[in-house]
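Comments concern the structure below.
The values are calculated or read from the model by the stated rules, or taken from the named source; none is laboratory data. In this text, all values refer to a predicted model and were calculated from it rather than measured experimentally. So basically every Cβ, Gly included, is an ideal-geometry build from the backbone, and we count neighbours across all protein chains shown.
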Amino acid sequence: MSVSAGTDLSKEFHQNGFAVIDSILTPDEVETYRAIYDRFISGDIESGDKRSDLGSHVPRKDAERENITQIMWPSDLYKQLIEMPLHVRGLAIAKELIGDDAILDFDMLIHKAPHSGVATPWHQDAAYWIDLPDKRAVSIWVALDEAVPDNGCMWYVRDSHRQPLRVHRPTSDGSNIECDCSEDEPGATAVPLSPGQGAAHSGTTLHYSRGNTTGLQRRAYILNYRPASMIALEREQGMDHGLEDNERKVRNADFAEN
Ligand SMILES: O=C(O)CCC(=O)C(=O)O
């Protein structure tokens with residue numbers, strides 16, 4: 001299977017700040033990725049400090065399990081992933097969306113277990129990142145399960161990528177960030193996906209997902225791309241998205257104190 005972003009996808013991505021990728025994995029490939037994913041979640045593939053709780057602002061119902069499991073750099077922890085179809089096709093799509101100089105900046109798994117019930121706070125990814133002269137960036141969120149509003153499909157705010165970055169504040173436990181926004185924001189759009197579909201969003205597109213209140217899994221594999229020269233600049237400044245030391249930093253947190 002080869003995937004081309006095509007002009008419609010690219011047009012939609014640049015116009016709206018997000019776009020649906022009809023098919024990035026075949027059903028058989030989805031099964032393969034699910035099996036690897038489940039080994040990460042069970043701990044069979046060891047994640048060390050790359051595993052954390054994106055939902056740590058809410059007290060845990062189950063002490064043994066994260067509210068929202070986030071594992072940074074699966075492709076570093078399990079190196080075969082880099083050569084597999086998702087990374088090959090993701091890169092081709094990223095090049096079509098942001099330019100031929102795109103390379104993988106980082107990847108991550110974000111898992112919402114059945115009935116885990118914790119929303120991912122509204123945010124713009126760029127608020128987590130250092131300021132770079134070339135802002136081109138694309139994140140490809142790939143569904144390994146049916147993703148619907150009530151198990152935590154993504155919501156994006158159309159056109160928000162054209163607006164200035166919002167003020168972000170640390171979440172109540174200080175581990176993550178959030179900004180003011182809601183499902184009632186003009187342009188807020190739920191994007192349900194079937195397994196093997198994806199959605200691309202830019203670094204400044206506002207997004208969030210509801211808590212999983214269903215009995216369904218919500219396994220998402222996320223790939224982030226930006227220009228190679230900007231990744232070199234990031235790395236020079238010690239920003240590697242948790243590769244060496246998985247400590248979360250918030251770029252514009254001081255705004256919140258003003
Ligand atoms: O999967 C989620 O709930 C959040 C994903 C996200 O914030 C991202 O892909 O940037």
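Checking Pro74 against (1) over 20 Å from Glu247 (Cβ atoms); (2) crowded, with 20+ Cβ neighbours inside 10 Å; (3) away from the ligand (no atom under 13 Å from the Cβ): exactly one of these is not met. Which one?
(1)
Taking the condition of being buried (at least 21 other Cβ atoms within 10 Å of the Cβ) and not hydroxyl-bearing (Ser, Thr, Tyr), how many residues in the stretch 127-144 meet it?
Residues meeting the conditions: 9.
Could you check the stretch 43-67 and list, in sequence order, the residues that are buried (at least 16 other Cβ atoms within 10 Å of the Cβ) and under 21 Å from Asp245 (Cβ atoms)?
Ser47, Lys50, Arg51, Ser52, Asp53, Leu54, Ser56, Glu66, listed by residue number.
Within the stretch 57-78, is even one residue in a loop (DSSP other than H, G, I, E, B), of a type in the set (A, V, I, L, M, F, W, C), in contact with an Asp or Glu (Cβ under 8 Å, 6 or more places away or on another chain) and within 27 Å of Ser23 (Cβ to Cβ)?
yes
Just to be sure, is Ile140 farther than 27 Å from Asp245 by Cβ and either at pLDDT 95 or above or touching an Asp or Glu at 6+ places or on another chain (Cβ under 6 Å) (or both)?
Against the criterion (farther than 27 Å from Asp245 by Cβ and either at pLDDT 95 or above or touching an Asp or Glu at 6+ places or on another chain (Cβ under 6 Å) (or both)), Ile140 does not qualify.
Scan the stretch 107-142 for residues that are more than 10 Å from the ligand (Cβ to nearest atom) and within 27 Å of Asp180 (Cβ to Cβ) and jot them down.
Those that are more than 10 Å from the ligand (Cβ to nearest atom) and within 27 Å of Asp180 (Cβ to Cβ): Ser116, Gly117, Ala126, Ala127, Trp129, Ile130, Asp131, Leu132, Lys135, Arg136, Ala137, Val138.
Condition first: within 14 Å of the ligand (Cβ to nearest atom), among the hydroxyl-bearing types (Ser, Thr, Tyr) and within 20 Å of Ile41 (Cβ to Cβ). Now tell me which residues in the stretch 214-252 satisfy that.
Tyr221
Being out of contact with any strand residue (DSSP E or B) (no Cβ under 8 Å at 6 or more places or on another chain) and at pLDDT 95 or above is the filter; apply it to the stretch 166-176 and report the residue that is farthest from the ligand (Cβ to nearest atom).
Among them, the one singled out is Val167.
Quick one: Asp107 ticks every box in (1) more than 30 Å from Asp62 (Cα to Cα); (2) of a type outside the set (S, T, N, Q); (3) in contact (Cβ under 8 Å) with a residue 60 or more places away in the chain bar one, so which box is it?
Status for Asp107: all satisfied but (1).
Return the pairs, sorted by first residue and then second, in which the second residue is of a type outside the set (S, T, N, Q) and near the ligand (Cβ under 9 Å from one of its atoms), the first residue lies in the stretch 213-225 and is more than 24 Å from Ala94 (Cα to Cα), the beta carbons are less than 6 Å apart, and the residues are 6+ apart or on different chains.
none
Can Ala188 be described as more than 11 Å from the ligand (Cβ to nearest atom), among the small types (Gly, Ala, Ser) and surrounded by 15 or more Cβ atoms within 10 Å (Cβ to Cβ)?
Answer is yes for this residue.
State which residue is nearest to the ligand (Cβ to nearest atom) when the search covers only the stretch 195-205 and only residues that are within 8 Å of Gly17 (Cβ to Cβ) and surrounded by 21 or more Cβ atoms within 10 Å (Cβ to Cβ).
Top of the filtered list is His201.
Residues to consider are Tyr156, Tyr208; find the one that is at pLDDT 95 or above, under 18 Å from His111 (Cα atoms) and either polar (S, T, N, Q) or within 11 Å of the ligand (Cβ to nearest atom) (or both).
One residue alone meets the criteria, Tyr208.
Being more than 13 Å from the ligand (Cβ to nearest atom) and over 26 Å from Ile21 (Cβ atoms): is that true of Ala92 here?
Taking the combined requirement at face value, the residue does not satisfy it.
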